[in-house]
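What follows is a short report on a single structure.
The values are calculated or read from the model by the stated rules, or taken from the named source; none is laboratory data. No experiment lies behind these values; they were computed from the predicted model shown. Every residue, glycine as well, gets a Cβ built from its backbone with ideal geometry; the counts of neighbours run over all protein chains shown.
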Amino acid sequence: MHHINVFFVATGAIGFLLQLVTPSNNRQLERRFFWTGFTIVAISAFFIAYPPDAKSGILWFAFACFLMLSRAYMMTSNIKIRGKIYAFHTDDSRPDPSPECSSTPDDKPESASTDEPEYDPTPDAYSGMASAGKVWALLILTMAICSLNAIIYIVDRERPLLAFVMLSLLATFAIGFGYTDAIWGYPIARRQIIQFFVISIITAGVFTVLYLGAYFAGKHWPWRNKQSMEYRAHPRHQQKWP
């Protein structure tokens, strides 16, 4: 039985590494390698514990699938279902280049034409990398983790250092997001009101107070770094604050 477990651990590792060796300039080939590796990892994870423990096998299977899909969503464009790409970053979410497009540098999509200098496909994206909706959804999870560790410390008086780190992280995110949204002229939470409300509940209002304090401070005392990714990603910032 031990030898069988070692075998499936090895095949799982091979499946995971398979997605890392594909050329990054070919999305179709990347997806084939990813889903092949995903299948190998999922099957191997199940058979690490089964037989005899089917329940543990299912848990390992679910855990492996979650890790593979999470990485694919956060870092690649490999998840494509019925023609739609599901990815966290803006660049990964864009449709695949059409096959008939030439690979020469002079050939550019119409949307990138210099005739439209104000064109911005993601006007609410943070630093042009991920949409506000996705960022604030991820922020819910982050704030939930921070709040949970703070609650554990309050109830059990355990892990004070971790609780301090998590609360510091909460404060840093709240102040940083609030100030950044204000100085670049965005509305509160970049109109992600539902996520903002959920985070307010999760953090017992602490995030809200710090965010709004930093937001209104940014309105009165803005300091804009023209070398920042936020400034360079959005043409309207460059026109409004040349």
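State which residue is nearest to ARG94 (Cα to Cα) when the search covers only region 61-80 and only residues that are crowded, with 20+ Cβ neighbours inside 10 Å and of a type in the set (Gly, Ala, Ser). It comes out as SER77. State yes or no: is ILE79 over 23 Å from the mean Cα position of the chain (by Cα) and at pLDDT 90 or above? Criteria not met by ILE79.
The residues of region 209-242 that are under 29 Å from ASN149 (Cβ atoms) and either hydrophobic (A, V, I, L, M, F, W, C) or free of Cβ contacts under 8 Å to residues at least 24 places away in the same chain (or both), listed by number, are VAL209, LEU210, LEU212, ALA214, PHE216, ALA217.
For ARG191, the conditions (1) closer than 24 Å to LYS240 by Cα; (2) more than 22 Å from the chain's Cα centre (by Cα) are fulfilled apart from (2).
For region 1-18, indicate whether the set of residues that are in a loop (DSSP other than H, G, I, E, B) and either β-branched (Val, Ile, Thr) or without any contact (Cβ under 8 Å) to a residue 60 or more places away in the chain (or both) is non-empty. Yes: region 1-18 contains one or more residues that are in a loop (DSSP other than H, G, I, E, B) and either β-branched (Val, Ile, Thr) or without any contact (Cβ under 8 Å) to a residue 60 or more places away in the chain (or both). When residues in region 203-226 are screened for being under 26 Å from the mean Cα position of the chain (by Cα) and more than 30 Å from ILE152 (Cα to Cα), 4 of them pass.
Could you say which residue among PHE33, PHE46 is out of contact with any strand residue (DSSP E or B) (no Cβ under 9 Å at 6 or more places or on another chain) and under 18 Å from TYR73 (Cα atoms)? Break it down into steps so the answer makes sense when it comes.
Working: PHE46 fails: under 18 Å from TYR73 (Cα atoms).
PHE33 is the lone residue from the list that is out of contact with any strand residue (DSSP E or B) (no Cβ under 9 Å at 6 or more places or on another chain) and under 18 Å from TYR73 (Cα atoms).
Does region 36-47 contain at least one residue that is closer than 29 Å to SER131 by Cα and either assigned by TED's automatic domain parsing to the domain that holds ILE85 or assigned to a helix (DSSP H, G or I) (or both)? Step through it out loud before you land on a result.
At the first step, the residues of region 36-47 found to be closer than 29 Å to SER131 by Cα are 37-38.
Adding the requirement that they be either assigned by TED's automatic domain parsing to the domain that holds ILE85 or assigned to a helix (DSSP H, G or I) (or both) leaves 37-38.
There is at least one residue in region 36-47 that is closer than 29 Å to SER131 by Cα and either assigned by TED's automatic domain parsing to the domain that holds ILE85 or assigned to a helix (DSSP H, G or I) (or both).
Scanning for something closer than 29 Å to LYS226 by Cβ, assigned to a helix (DSSP H, G or I), touching a Gly at 6+ places or on another chain (Cβ under 6 Å) and at pLDDT 95 or above, does region 153-174 turn up at least one residue? No, that holds for no residue.
Limited to region 124-152, what total is found for residues that are within 17 Å of HIS234 (Cβ to Cβ) and in contact (Cβ under 8 Å) with a residue 60 or more places away in the chain? Write out each step before concluding.
Here is the first cut: in region 124-152, the residues within 17 Å of HIS234 (Cβ to Cβ) are 124-135.
Filter once more, so that each one left must be in contact (Cβ under 8 Å) with a residue 60 or more places away in the chain: 124-129, 132-133.
Residues that pass the stated criteria total 8.
Within the span defined as region 195-204, one or more residues are in a loop (DSSP other than H, G, I, E, B) and among the hydrophobic types (A, V, I, L, M, F, W, C). Scanning region 159-202 for residues that are surrounded by fewer than 21 Cβ atoms within 10 Å (Cβ to Cβ) and touching an Asp or Glu at 6+ places or on another chain (Cβ under 8 Å) yields THR180, TRP184, TYR186, PRO187, ILE188, ARG191.
Considering only residues that are part of a helix (DSSP H, G or I) and in contact with a Gly (Cβ under 9 Å, 6 or more places away or on another chain), look in region 48-59 and name the one that is modelled with the lowest pLDDT. First the steps, then the outcome.
Of the residues in region 48-59, the ones part of a helix (DSSP H, G or I) are 48-49, 54-59.
Those left that are additionally in contact with a Gly (Cβ under 9 Å, 6 or more places away or on another chain): 48-49.
Details: ILE48: 80, ALA49: 75.
Looking at residues that are part of a helix (DSSP H, G or I) and in contact with a Gly (Cβ under 9 Å, 6 or more places away or on another chain), I get ALA49.
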